[in-house]
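Notes for the one structure printed next.
The values are calculated or read from the model by the stated rules, or taken from the named source; none is laboratory data. Just so we're clear, the structure is a prediction, and the values are computed from it rather than from any experiment. We place every Cβ from the backbone using ideal geometry, glycine too, and count neighbours over all the protein chains shown.
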Amino acid sequence: MMKLVRFGSAGNPESFYGQGGKSSLEMPKWLAGMGLNAYEYQCTRGGKISVDSENKLGELAREYSVSLSVHSPYYINISSTEPDKIEKSIGYILATVNAAKNMGAGRVVVHMGAAIDITRKEAMGISKRTIYECLKQMDSEGLGDVSICPETMGKINQMGTLDEVIELCKLDERLIPTIDFGHLNSRGWGSLTEQQDFEEITDKIFNKLGDFRAKNFHCHFSKIEYTKGGEKKHLTFKDTEYGPDFEPFAKVIIKHGLTPVIICESAGTQAEDAVIMKEILEKTKQEEKA
Ligand SMILES: [Zn+2]
């Protein structure tokens, strides 16, 4: 399959329900109708659909050429000092990877959790051992072809700076970073404004993780309100105060021939704002040709 930049929605937007949509199984067709080609299925609160539904969602996604990813539960903490929490977290990740496998989804997004009463460095050590154990179990259960995608996080007290995500991904080639630009902008109090700000991020991935992952990373993009502690709440593209804007990142995509999967996590308008990003990328390409 030819590599292309993909745009899609995190979960089901308000307009989908507004138009009478009911089941996630209707989403691939609905997204394709919007001109989109990626869908991040949300297992974020642990809700699980039947294996039949997972298979069916996968079939429909393939029929409409929509690539699927799955977001694992928010309550996972791969950096915990409590062995039973680690064991549970591995179980949740494995369950999400299983769901992804049933859907034919290649990517599972995972949060790193928090360093509680330990240093961030110690938490990194624990998270590496946890993910290593996940990969081992995935291999032994025939799930090794699904990629775990650790995410950069928006709150300062959460694990998941860019460097921490990259360090974790160095563990195994199958680990693909989820770069959430809204989160990085939030924990940097508005650090992403110019093309160069985005390019520093992609350069770092090129240098530390190599070409394939630098070109094909997973991406969350939305505007997010932040405070001193980082992320506060997800906004929509109507916001003009917080950012980040997509335009400078579009230039980086074109300059380096990147083909990320870009999932929009706007509050309610995920699909509409994904379409806006797709249009900005097209427009930027045209302008650079002219
Ligand atoms: Zn996330």
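For the range 100-118, which positions are in contact (Cβ under 8 Å) with a residue 40 or more places away in the chain and away from the ligand (no atom under 16 Å from the Cβ)?
Within the range 100-118, Lys101, Asn102, Met103, Gly104, Gly106, Ala115 meet the criteria.
For the range 217-224, indicate whether the set of residues that are surrounded by 15 or more Cβ atoms within 10 Å (Cβ to Cβ), polar (S, T, N, Q), in contact (Cβ under 8 Å) with a residue 40 or more places away in the chain and part of a loop (DSSP other than H, G, I, E, B) is non-empty.
Yes, that holds for at least one residue.
Tell me, which residue of the range 74-90 that is surrounded by fewer than 19 Cβ atoms within 10 Å (Cβ to Cβ) and within 16 Å of the ligand (Cβ to nearest atom) is nearest to His220 (Cα to Cα)?
Among those that are surrounded by fewer than 19 Cβ atoms within 10 Å (Cβ to Cβ) and within 16 Å of the ligand (Cβ to nearest atom), it is Tyr74.
For the subset of the range 150-176 comprising residues that are surrounded by 21 or more Cβ atoms within 10 Å (Cβ to Cβ) and not in a loop (DSSP other than H, G, I, E, B), which member is modelled with the lowest pLDDT?
Among them, the one singled out is Gln158.
Could you look through the range 27-73, keep only residues that are of a type in the set (Val, Ile, Thr) and more than 15 Å from the chain's Cα centre (by Cα), and pick out the one that is farthest from the ligand (Cβ to nearest atom)?
If we take residues in the range 27-73 being of a type in the set (Val, Ile, Thr) and more than 15 Å from the chain's Cα centre (by Cα), then Val51 is farthest from the ligand (Cβ to nearest atom).
For Ala250, indicate whether it is of a type in the set (A, V, I, L, M, F, W, C), in contact with a Ser or Thr (Cβ under 8 Å, 6 or more places away or on another chain) and either assigned to a loop (DSSP other than H, G, I, E, B) or free of Cβ contacts under 8 Å to residues at least 24 places away in the same chain (or both).
no
How many of the residues making up the range 163-180 are of a type in the set (A, V, I, L, M) and more than 16 Å from the ligand (Cβ to nearest atom)?
Final tally of qualifying residues: 2.
Determine the pairs where a residue that is within 20 Å of Pro73 (Cα to Cα), located within the range 1-24, has a partner that is of a type in the set (D, E, K, R) with Cβ atoms under 6 Å apart, the partner being 6 or more residues away or on another chain.
These pairs meet every condition: Ala10/Glu40; Ala10/Glu265.
Answer yes or no as to whether Thr130 is more than 23 Å from Asn216 (Cβ to Cβ), more than 16 Å from the ligand (Cβ to nearest atom) and outside any helix (DSSP H, G or I).
no
Scanning the range 33-73 for residues that are β-branched (Val, Ile, Thr) and surrounded by fewer than 22 Cβ atoms within 10 Å (Cβ to Cβ), which turns out modelled with the lowest pLDDT?
Across the range 33-73, the extreme among qualifying residues is Thr44.
Restricting the range 181-216 to residues that are within 23 Å of Ile276 (Cα to Cα), touching a helix residue (DSSP H, G or I) at 6+ places or on another chain (Cβ under 9 Å) and not in a helix (DSSP H, G or I), which is farthest from the ligand (Cβ to nearest atom)?
So, considering only residues that are within 23 Å of Ile276 (Cα to Cα), touching a helix residue (DSSP H, G or I) at 6+ places or on another chain (Cβ under 9 Å) and not in a helix (DSSP H, G or I), the one farthest from the ligand (Cβ to nearest atom) is Glu194.
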